[in-house]
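The next block holds one structure in the form of C-alpha cells; read it before the comments.
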Amino acid sequence: MAFFSSCPRIAVIGAGMIGLSAAYELAVRRGARVTIFDVRPPGRGASWAAAGMLAPAFEAAAEPGVHPRLFELCLASAALWPEFAGELAARSGVDVGFDRTPSLAAALDGGEAERLSRVAAVLSASGVAHATLAAADILRLEPAINPLVLGGLELPSDFRVHNRQTVMALLAVLRASSKVAFVAGAAPLKSAGGKLLLEGHDAVLVAAGWETAVIKVEERGALFSLVNWETALDDIDCHGGQMLSVAAGESAPMRVVRAGHVYLVPRGGQVVIGATVEPGRAIYAPEAEVIEALRLEGVRLCPGLAGAPVAESWAGVRPGTPDQAPFMGETITPGLFVAAGHYRNGILLAPVTARLLADLILDGKCGGLIEAFSLRRQFGGPITLSSAH
C-alpha cells in the first residue's frame, strides 16, 4: 500500500526488537507517524533474553524443512548491521556493543565436525568467506577453547552486538522523536463493515512475537482473536529457551564461540552461555537443573569457565514458524501487516525486516525477498528441533 498523505500514521503492535526497529525505520528514517502498543514493558521479551549473536552462516546447513531463502535473508540483514549499529549509536549516544570480530565454531566430537563440514560446503558454494581451522589454529585464535578440540571454522560473516543495549538505544531514539508515541496496553482494534480499523491510523503492523495470534479485535461488543483476520498467524508457535551468564575472568573467551547447540558470547564483563530449545513451552523463569546442565556444557567448550560464578540466569520465548523463518508482509486483511516468527534470528533480522516492511507499507514495494516470506507461502518437510537440556 502507498499513501497519498505525506505523513501516514502507522500502528506497531509489539515493542520487541522487531517492532522497535520497524518503528525506527518508519518514523525516524522515513518520517511516518508511529504509535507503538505493547501490554508489557517495551523491549523486555525475547529481545532482552537473547545473546546478541548475528550468525547468518549457521543457517547455511540448517535442518531439512527450513525455508530455502532464510540464509539469503540472514546474509542481507548482516550486511545492514554495520550501518544500522553506527547510526543508532550516533543518534542515541548509547554504545550498542557492535563487534565484527569473526565468530568461531568448534568441533569437540565427530558429529560436530561433520556438521561444520556441511556448513563449510554450503558457504563455499555460496561464496561466503570462511576459514577451515585445524586444532592448533583454533586454539591460537582462542586459547580458552577446550584443548581436545578437533578443529573448527572461523566465520567473518558471524559477529555480535549487545542486544540489551541495542534495545535501550532504540527506545532512547524513539522516545525522543516527536513522530513516535508509546501506549502501554493493547491496541484497540475493531472490526466494522468487514474492515479492520484502528482509529487514527492508516495501517497496522503486528510484531508481537509468538503472541501475535492472541491479539484481540472487538466486533459487535465481543472480542475475537486476530487469527480470524489472518489464519496463518496460527502457525506461529512458542519455543522456550533458557540461558545464563557467568563472570568473565582471565580464562574467558574473547570471541563468540559455539559447538553444536551451545554458544558462548562475551558481553559486558560476562560470558553468556546459551541456550536450550524447548518447542511448545512458554517459559518465563529458569529451571535450576537445566541451567546447571547448560553451564556444564559451556565449561566443556571452555574449561576456564569452571569456577566462574553465575551472574544471571533467565528464560524467554522465541516465536517460530514451521520453516523457522519469519512471516513478513500484508495479510489477507487490507492494511494489516505482520512481521513475526523470527525464531532464533530476531536480533540479526531486525534491520532487513524493518526496511522491507517500510518499503511495503509506505511505498507499496513488494516482490523479491519479502514475497518469499509471505504468509501465503507453502512449507516444506518436517523439522526436527533438538532440546539442549
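Looking at E250, is it surrounded by fewer than 16 Cβ atoms within 10 Å (Cβ to Cβ), touching a helix residue (DSSP H, G or I) at 6+ places or on another chain (Cβ under 8 Å), part of a loop (DSSP other than H, G, I, E, B) and not aliphatic (A, V, I, L, M)?
The answer is yes for E250.
Can you find even one residue in the stretch 155-170 that is modelled with pLDDT of 95 or more and over 27 Å from the mean Cα position of the chain (by Cα)?
There is no residue in the stretch 155-170 that is modelled with pLDDT of 95 or more and over 27 Å from the mean Cα position of the chain (by Cα).
Which residue is farthest from N228 (Cα to Cα), if the candidates are limited to the stretch 327-367 and must be in contact (Cβ under 8 Å) with a residue 60 or more places away in the chain and assigned to a loop (DSSP other than H, G, I, E, B)?
Restricting to residues being in contact (Cβ under 8 Å) with a residue 60 or more places away in the chain and assigned to a loop (DSSP other than H, G, I, E, B), the top hit is G364.
Out of everything in the stretch 269-284 that is assigned to a loop (DSSP other than H, G, I, E, B) and within 20 Å of the chain's Cα centre (by Cα), what residue ends up being nearest to A308 (Cα to Cα)?
A275
Just a yes or no: is a residue in the stretch 58-74 buried (at least 24 other Cβ atoms within 10 Å of the Cβ) and not hydrophobic (A, V, I, L, M, F, W, C)?
No, the stretch 58-74 contains no residue that is buried (at least 24 other Cβ atoms within 10 Å of the Cβ) and not hydrophobic (A, V, I, L, M, F, W, C).
Kindly establish whether A288 is touching a helix residue (DSSP H, G or I) at 6+ places or on another chain (Cβ under 9 Å), of a type in the set (A, V, I, L, M) and open to solvent by 20 Å² or more (accessible area, probe 1.4 Å).
The answer is no for A288.
Here's a check for you: in the stretch 262-285, which residue that is touching a residue at least 60 places away in the same chain (Cβ under 8 Å) and surrounded by fewer than 16 Cβ atoms within 10 Å (Cβ to Cβ) is nearest to A105 (Cα to Cα)?
G268
What pairs can you find where one residue is in the stretch 37-52 and part of a strand (DSSP E or B), the other is among the β-branched types (V, I, T) and open to solvent by 10 Å² or more (accessible area, probe 1.4 Å), and their Cβ atoms are less than 7 Å apart, with a gap of 6+ or different chains?
F37/I13; F37/V183
Filter the stretch 88-107 for residues that are of a type in the set (A, V, I, L, M) and surrounded by fewer than 19 Cβ atoms within 10 Å (Cβ to Cβ); which is nearest to L148 (Cα to Cα)?
Ranking the qualifying residues of the stretch 88-107, first place goes to A89.
For E218, which of the numbered conditions (1) surrounded by 14 or more Cβ atoms within 10 Å (Cβ to Cβ); (2) within 22 Å of P42 (Cα to Cα) fails to hold?
Result: E218 fails condition (2) only.
Mind telling me which of the residues L133, L104, L153 ends up being under 23 Å from S245 (Cα atoms) and in a strand (DSSP E or B)?
The match here is L104.
Can A11 be described as in a helix (DSSP H, G or I) and either of a type in the set (F, W, Y) or buried (at least 16 other Cβ atoms within 10 Å of the Cβ) (or both)?
Criteria not met by A11.
Quick one: which of I145, I138 is in a loop (DSSP other than H, G, I, E, B) and crowded, with 21+ Cβ neighbours inside 10 Å?
Every option except I145 fails the conditions.
The values are calculated or read from the model by the stated rules, or taken from the named source; none is laboratory data. What you see is a predicted model; the values in this text were computed from it and never measured. Positions of Cβ are generated from backbone atoms using ideal geometry, with glycine treated the same way; all protein chains shown enter the neighbour counts. Side chains are part of the model used for accessible areas, which takes the heavy atoms of the whole protein and leaves out ligands, DNA and RNA. Shrake-Rupley method; radii C 1.70, N 1.55, O 1.52, S 1.80 Å.
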